[in-house]
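Okay, structure first, notes after.
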Amino acid sequence: MAATGLLVWQAAGPIDHAFAADARPAARVQSVVVTRGLDRLTSPLSDADLARYRDIFALLDAGQVSRVAPLMAGIQNRLLEGHVQAMVFVSRGYKPSYDELVSWLQRYGDLPEAGAVYQSALQMRPRGAMAPPAPLSNNVANTVTNSGAYLPGPLDSRDREVRAAFKAGLDAWRARNYQSAAQLFSAMAQRTDLGGEERAASAVWAARADMRSGRPQQVVRLLDIAVGASQDFYGMVAQALLGGPVLSPAGQAGLPGSNALAGVTHEPAAQRAVALAKLGLPDLADEELRGLAAHLPSDRAPAVAALAETLQLPGARSRVNQVTLEHVAVRSDPSAFPMPDYVPDSGFAIDRALLFAIMRAESGFRPNAGSRAGARGLMQLMPATARSVAQWAGISYKGAKSLRDPGKNLDLGQAYVQRLLESPTAGVSLIHLLASYNAGDGAVGNWMDGPLADASDDPLLFIEAIPYAETRQYVKKVLLNLWTYSEQMGQPHPSLRALAENKWPEPDVTQPATQMAGYSGGGGYRIQNVDTSIGSYR
């Protein structure tokens, strides 16, 4: 077994196991703006250790592994030693031994790189050797690809029953048996064992069915149920139908005070995150806070979120809300929908709110995010797609590694959106565009000729009839994000009004010409005017 402390390193051939793939940690020191929040946090490292670590990470970035050990010998606080060793493992020309990997896992199994080190150790395990120690549980969340964050979990018997009941209501609707659909959806809306968005969806569809069947008496009551149950997709649709304020954001919050951070600052992961942020390594700092949030009790989640906000780590802030907090509790909190200072290299060519909405769903604002399929970066672009889009748009593209650069990824991502708009499928509406971004315009075109053929005049039915659960959830998630960001930016959200009026939201993604400060979203039509609104649901 290798000695404890700084491992004994030996030069070897190029690494060729699992840890050499996209799971490798980001060694490159990024250029970051030191915010007033980060600047006021006390570093767990001395100035001398910060300087040495900064030099070490620069050497690792340059591939000069042999010069790292002398600098490590002079460091007093070994807080980041595990990260250093993990980066050494993936350096060009260095191949760690099985014993080194096992020793690292024994000492640093709670680090974000633990999953990749473990997989590498399994592949290198000699015959007859004991199995390597598994990563600690608080990093399980870090092994999940961000692009799948919106996917539903495995279905239990209760989930199957609920989804079967909802499908029965949709089937009755599609058969134009609106009275039966109203009864099925209304029964679900009354159930207290359902989640908020499930009740809201049922209530909205019950209201639609009552309107279609010429029985408007219960419509307002049903929409009130939806608004009270959820602030997610169907809750907002219900608010727009009622003509009331769509959002009531709290406004841009200030930096959290020291009391808000007190619940986590003593945690090693939090201390490492602060040190990494001060060293200009926000991706690793982000991973540390994601792992911390995954294993702490839920009552300490606000402290993790406050630290993420202070360190300007929007991905971690968003992930904390997804994993540990109820949507209803954070919908009015602007920090749950962060707006980092990411700008496309050529500037914004499409609606900034839409770009942020897609980023939040695709990567959680993590430049290093990757999927098992190979998609990369903020907009989760496949390298082949990026290459094709770069040629189409005349954008310089130097390969898959460049997709980790926020400016380049956003440049290619917005160009991809623009190219999709030229498709006769994706260009039909904003809903078609989002579905095509997720599943491909070829798949969406096939659905339009098949399972979606009877939804050509019903946008909400179109969404619910999408045969891929992932795409169905994705469209609703991005629309919810878009409406929230539009509100934060003082822009109207015409796509929400369009859905409320049973119209296809236009695929106009250009930057709004006017910032409508103080816009409350109250321009949606009022369903109380039953005589005029019933006609919208012909």
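The values are calculated or read from the model by the stated rules, or taken from the named source; none is laboratory data. Being a predicted model, the structure only gives us computed values, none of them experimental. Positions of Cβ are backbone-derived with ideal geometry, glycine not excepted, and every protein chain shown enters the neighbour counts.
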key: Qualifying residues in the stretch 78-127 (those that are basic (Lys, Arg) and in contact with a Pro (Cβ under 9 Å, 6 or more places away or on another chain)) - the one surrounded by the most Cβ atoms within 10 Å (Cβ to Cβ)   = LYS95
ask   = How many residues, within the stretch 351-367, are of a type in the set (D, E, K, R) and within 16 Å of TYR416 (Cα to Cα)?
value = 3
Qualifying positions in the stretch 405-427 - surrounded by 21 or more Cβ atoms within 10 Å (Cβ to Cβ) and over 17 Å from PRO344 (Cβ atoms) = ALA426
key: Breaking point among (1) among the small types (Gly, Ala, Ser); (2) over 19 Å from the mean Cα position of the chain (by Cα); (3) in a helix (DSSP H, G or I), for GLY413   = (2)
task = Being under 22 Å from ALA285 (Cβ atoms) and either surrounded by fewer than 16 Cβ atoms within 10 Å (Cβ to Cβ) or modelled with pLDDT of 95 or more (or both) is the filter here, so list the residues in the stretch 378-404 that pass it.
result = LEU378, MET379, GLN380, LYS401, LEU403
remark   = The lone condition ILE431 fails out of (1) in contact (Cβ under 8 Å) with a residue 24 or more places away in the chain; (2) out of contact with any helix residue (DSSP H, G or I) (no Cβ under 7 Å at 6 or more places or on another chain) is (2)
query = What single numbered condition from (1) free of Cβ contacts under 8 Å to residues at least 12 places away in the same chain; (2) under 17 Å from GLY235 (Cβ atoms); (3) of a type outside the set (A, V, I, L, M) fails to hold for ASP449?
reply = (2)
inquiry  = Residue pairs, Cβ under 9 Å, 6 or more apart or interchain, first in the stretch 458-482 and polar (S, T, N, Q), second at pLDDT below 95 and assigned to a loop (DSSP other than H, G, I, E, B). List them.
reply    = GLN473/TYR150; GLN473/LEU151; GLN473/PRO152; ASN481/PHE337
message = If the requirement is being within 17 Å of LEU460 (Cβ to Cβ), touching a residue at least 60 places away in the same chain (Cβ under 8 Å), under 28 Å from the mean Cα position of the chain (by Cα) and buried (at least 24 other Cβ atoms within 10 Å of the Cβ), which of these qualifies: ALA240, ALA226?
response = ALA240
inquiry  = With the requirement that a residue be surrounded by fewer than 23 Cβ atoms within 10 Å (Cβ to Cβ) and not in a loop (DSSP other than H, G, I, E, B), what does the stretch 436-458 give you?
reply    = ALA439, ASP441, GLY442, ALA443, GLY445, ASN446, TRP447, MET448, ALA453, ASP454, ALA455
message = Of all residues being within 8 Å of the chain's Cα centre (by Cα) and either free of Cβ contacts under 8 Å to residues at least 24 places away in the same chain or not in a loop (DSSP other than H, G, I, E, B) (or both) in the stretch 346-378, which is farthest from ASN481 (Cα to Cα)? Just the residue, please.
response = GLU362
inquiry  = Here's a check for you: in the stretch 189-223, which residue that is of a type in the set (D, E, K, R), assigned to a helix (DSSP H, G or I) and over 28 Å from the mean Cα position of the chain (by Cα) is nearest to ALA175 (Cα to Cα)?
reply    = ARG212
